[in-house]
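Engineer: Take this structure first; my questions come after.
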Amino acid sequence: MSSKARNVAQHFDTQGTPIMIGGGVLAYTLLGISHNDKTGECAFLILDPHYTGSEDLSRIHSGQWVAWKLPDGKAAAGGPLFVQNAFYNLLCPQRPDVV
């Protein structure tokens, strides 16, 4: 996913819509990105749609269900955020050009 960071950042700059990510057994909603053009480092603001608990924001945040994550970080469920050899689809909704 790090290799797509510049494209993802451009999507947020031009469209501003959340990106749905799916691949293998994983699915996330990408709400934002922090990308350093000089170093290539990035972090993703991930919303994990698999949360099934109460609507308690402190529990959601402490459980990493909505959090900034590094590409090699862990998912809220404990496994890797992105599996190295997996293919991921990115759904990047486009806003209409006409009103």
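The values are calculated or read from the model by the stated rules, or taken from the named source; none is laboratory data. Computed from a predicted model, the values in this text were never measured in an experiment. Every residue, glycine among them, receives a Cβ derived from its backbone with ideal geometry; neighbour counts consider all protein chains shown. To get the accessible areas, we keep the full protein, side chains included, count just its heavy atoms, and leave off ligands, DNA and RNA. Shrake-Rupley method; radii C 1.70, N 1.55, O 1.52, S 1.80 Å.
Engineer: Criterion first (of a type in the set (A, V, I, L, M), open to solvent by less than 80 Å² (accessible area, probe 1.4 Å) and modelled with pLDDT under 85) does Ala76 satisfy it?
Structural biologist: Judged against the criteria, Ala76 is a match.
Engineer: Next up: Inside the stretch 30-63, can you point out the residues that are β-branched (Val, Ile, Thr), more than 12 Å from Leu81 (Cα to Cα) and part of a strand (DSSP E or B)?
Structural biologist: Ile33
Residue by residue, here is whether (1) of a type outside the set (Lys, Arg); (2) free of Cβ contacts under 8 Å to residues at least 12 places away in the same chain; (3) open to solvent by less than 60 Å² (accessible area, probe 1.4 Å) holds:
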| residue | (1), (2), (3) |
| --- | --- |
| Thr17 | yes, no, yes |
| Ser34 | yes, no, no |
| Leu57 | yes, yes, no |
| Trp68 | yes, no, no |
| Pro71 | yes, no, yes |
| Gln84 | yes, yes, no |
| Pro96 | yes, yes, no |
| Val99 | yes, yes, no |
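Engineer: Now, a different point. May I ask you to verify whether Ala27 is in a strand (DSSP E or B), closer than 21 Å to Phe87 by Cβ and under 11 Å from the mean Cα position of the chain (by Cα)?
Structural biologist: Taking the combined requirement at face value, the residue satisfies it.
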